[in-house]
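**Student:** Before anything else, here's the structure in question.
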Amino acid sequence: MERDLFIGLDIGTTAIKLLCLAQDGTIVFSDSLTHDLLTTNEGFAEESPDVWERHTYALFKTLVTALSPKDLASVKAIGVTGMVPTLIPLDAEYQPLGNSIQQQDNRAIVEVEQMQQDFDPEWVFEHTGSMVNSQHIGPKLIWLKKHKPNLFSQMRFILGSYDYIRYILSGSVAIERNWALESGMWDLRRGVWIDEILSYCSIDTTYLGEVKGSQDIVGSTTEIFHKMTGFPVGVKVVTGCADHIASAFSTGARSNGDLVLKLGGAGDVLFSVDELVTDRRLFIDYQCDGSNHYVLNGCTATSGSLLKWFKQEASLPEFETMDDEAVQIGPLSDGVIVLPYFMGEKTPLFDVHAKGVIYGLSLSHSRVHIYRAILEAVAYSFRHHVEVLKERGLEVNRVYITNGGSKSKLWRSILADVIGYDVSYIPNHPGSCLGGAIIAGMAVGLMDQSIIDVMLSNALYIPHDKNHHILYNKGYQRYRELYGQLKEMMRT
């Protein structure tokens, strides 16, 4: 039986993942290759675009081998997703001049603070929908000009992670509109680059590709790509989307009031809205369904990465064993509170000086108390975002949780109890690459978003415990008060 197939390719923080999806929602093929996050200096977070390119070729070679000739000929479109907003400086031939500067890179603290002084914050917020922060591209460009002037003088173009790999596939240069928006250089309401900010960063629009919507078709796979991989020439390449938006879309954040909580290396909070709503404490992105809808979102900088750090440094057993032990302790971890700001904090604090804290220890506590307190801390950070939504009068209707950390039954229940909502868990969700494949299918008119409901029919329902929620109300207030008491000390 003939079937149309669609590919999602995700350029993630720790791996590139490729997924091939059939029109009926069946996953035909899935594979990934890992890569390293390079942290050679304090505050640095870089990756190698050359490694991304090699791994992309390798994954497509494996796909070509795995699919039958008939299935290979049935691939109709490719959607590329990736972390955002990364910065790749390119020369006049679109060759990388060095590593990418990742979205969590925190080297440009001085440049962020200088830019905050040089621009009226109200003006920046009105135009961009966000405040100047360490994730923005502008401060990183200024840092490059100051600290790597030779590289900056050679730079002729800049692209993000998935924009660059899309260029490798199709030879077409474009910037997905969520990269543009999260760069801090794009006018949210007028849909144009902001000349004043570009000029401040010593670039102009010639450094930037045409801005495209998630479901725009930007080109087709090239003869060069075919020679490198054996993959057919002429398969449509779709703009794709920021990874967190694609993942949330394929997880359930499609209707007004849908909330997705992602327990990855960082913790993402994504809330779907039908109308433009902005808040200084949150990011905003475009929805990837082809509409004029939006996604309010936030990010706590350390989530799973904090657990991994603690596991390594405290020589913990496997997480499943720790969960079993932590269940015995109960809510509030016998008074231990963790502030999870081990890489500063993004939303809703926007505090690059924030520090990680483990508070309330006594000789009666064990490493299990700290472990559980870390789980609770990330849940508190998610609740902080939910409180911001409530303050804006936005109603949460459905809550989904996903990503690696959500495999923990204990963490799922803590999260539900802390935020005070029942949640749905998506087991074995493939992540952003699934969203990329669905976007590709929608872009060529061969799939609609109802396929997501079919694929989510096996979601697990986790009710929240009202008594635990009452206890966690007290813990959450202490969590907020602790940061308030230590905030000024953290800056010294």
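Taken together, the values in this text are just the output of simple stated rules run on the coordinates, not laboratory data. Remember, predicted model here, so these are calculated numbers, not experimental data. When we count neighbours, we look across all protein chains shown, and the Cβ atoms used for this are built from the backbone with ideal geometry, even at glycine.
**Student:** Along the Cα→Cβ direction, 7 angstrom out, place labels at LYS409 and LYS227. What is the inter-label distance in nm?
**Tutor:** The two pseudo-label positions are separated by 5.6 nm.
**Student:** Ranked by Cβ crowding within 10 angstrom, fewest neighbours first, how are TRP411, TRP179, TRP309, TRP193 ordered?
**Tutor:** Numbers: TRP411 25, TRP179 30, TRP309 14, TRP193 20.
So the residues, fewest neighbours to most, are TRP309, TRP193, TRP411, TRP179.
**Student:** Enumerate cysteines in the chain without a disulfide-compatible partner, where compatibility requires another Cys Cβ under 4.7 angstrom.
**Tutor:** Here CYS20, CYS201, CYS299, CYS433 come out as lacking a disulfide-compatible partner, given the Cβ-Cβ threshold of under 4.7 Å.
**Student:** Sketch the reach of a paramagnetic label on THR40 as a point 7 Å from Cα along Cα-to-Cβ, and name the residues of the range 122-165 whose backbone nitrogen lies under 19 Å away.
**Tutor:** 140-155
**Student:** Same structure again: With viscosity set to 1.002 mPa s and temperature to 20 °C, compute the Stokes-Einstein D of the chain, Rh being the Kirkwood radius across alpha carbon pairs; µm²/s, no decimals. Intermediate values should be presented prior to the final figure.
**Tutor:** Details: Rh = 23.0 Å.
It comes out at roughly 93 µm²/s.
**Student:** Give, as ranges by residue number, the residues of the range 273-297 whose backbone N falls under 17 Å from the point 7 Å along Cα→Cβ of ARG392.
**Tutor:** So the set is 273-288, 292-297.
**Student:** Also: Grab the DSSP H runs of the chain that are 4 residues or longer, score each as -39,500 (n - 2.57), total them, divide by all residues and round the 222 nm result to the nearest 500 deg cm²/dmol.
**Tutor:** Numbers: 18 runs with 194 residues, N = 492.
It comes out at -12000 deg cm²/dmol, rounded to the nearest 500.
**Student:** Can I ask one more? Fewest to most neighbouring Cβ within 10 Å: what's the order for THR347, THR62?
**Tutor:** Values: THR347 25, THR62 15.
Lowest count first: THR62, THR347.
**Student:** Oh, and also: Calculate how many DSSP beta bridges within the chain are antiparallel, expressed in % of all such bridges and rounded to the nearest 5.
**Tutor:** Numbers: 50 of 73 bridges.
Of the beta bridges lying entirely in the chain, close to 70 percent run antiparallel.
**Student:** Provide the percentage of antiparallel DSSP beta bridges, counting only those with both residues in the range 9-92; round to the nearest 5.
**Tutor:** 80 percent
**Student:** Further question on the same structure: Students often forget the sequence filter, so: which lysines lie under 20 Å Cα-Cα from LYS70 once same-chain residues fewer than 8 apart are removed?
**Tutor:** List returned: LYS61, LYS227, LYS236.
**Student:** Could you sort the peptides 70-77, 240-247, 465-472 by per-residue average Cβ neighbour count (10 Å cutoff), highest mean leading? Please report the intermediate quantities before stating the final value.
**Tutor:** Numbers: 70-77: 17.8, 240-247: 31.4, 465-472: 15.1.
Put in order of decreasing packing, that is 240-247, 70-77, 465-472.
**Student:** Run the numbers for SER315 and GLU210: contour at 0.36 nm per residue of separation, minus the present Cα-Cα distance, in nm.
**Tutor:** Details: separation 105, 0.36 × 105 = 37.80 nm, distance 4.91 nm.
Roughly 32.9 nm would be gained on extension.
**Student:** Based on the mean of other beta carbon atoms within 10 Å per residue, what is the order of 214-225, 376-387, most packed first?
**Tutor:** On the way: 214-225: 18.9, 376-387: 24.6.
My ranking of the peptides, most packed first, is 376-387, 214-225.
**Student:** So which DSSP H runs in the chain come out at 20 Å plus along the axis (Cα) with average Kyte-Doolittle of at least 0.0? Can you show the working numbers first?
**Tutor:** Working: long enough: 49-66 (25 Å, -0.12); 367-391 (36 Å, 0.03); 466-490 (35 Å, -1.38).
Length and hydropathy pass: 367-391.
**Student:** Here's a follow-up. Could the peptides 440-446, 153-159 be put in order, highest first, of the mean number of other beta-carbon atoms found within 10 Å of their residues?
**Tutor:** Final packing ranking: 440-446, 153-159.
**Student:** Next question. Going by how many other beta carbons lie within 10 Å of each one, how would you line up SER172, SER250, fewest first? List each step's numbers first, then the result.
**Tutor:** Values: SER172 18, SER250 32.
So the residues, fewest neighbours to most, are SER172, SER250.
**Student:** Which FRET efficiency value, to the nearest 0.05, is calculated for GLU93 and LYS148 with the Förster distance at 22 angstrom and r the Cβ-Cβ distance? Can you show the working numbers first?
**Tutor:** Numbers: r = 19 Å, r/R0 = 0.87.
Result of the calculation: an efficiency of 0.70.
**Student:** Sticking with this structure for a sec: In vacuum, with every alpha carbon of the range 5-244 counted as one equal point scatterer, what does the Debye formula give for log10 I(q)/I(0) at q = 0.13, 0.17 Å⁻¹? Two decimals, please.
**Tutor:** -0.77, -1.22
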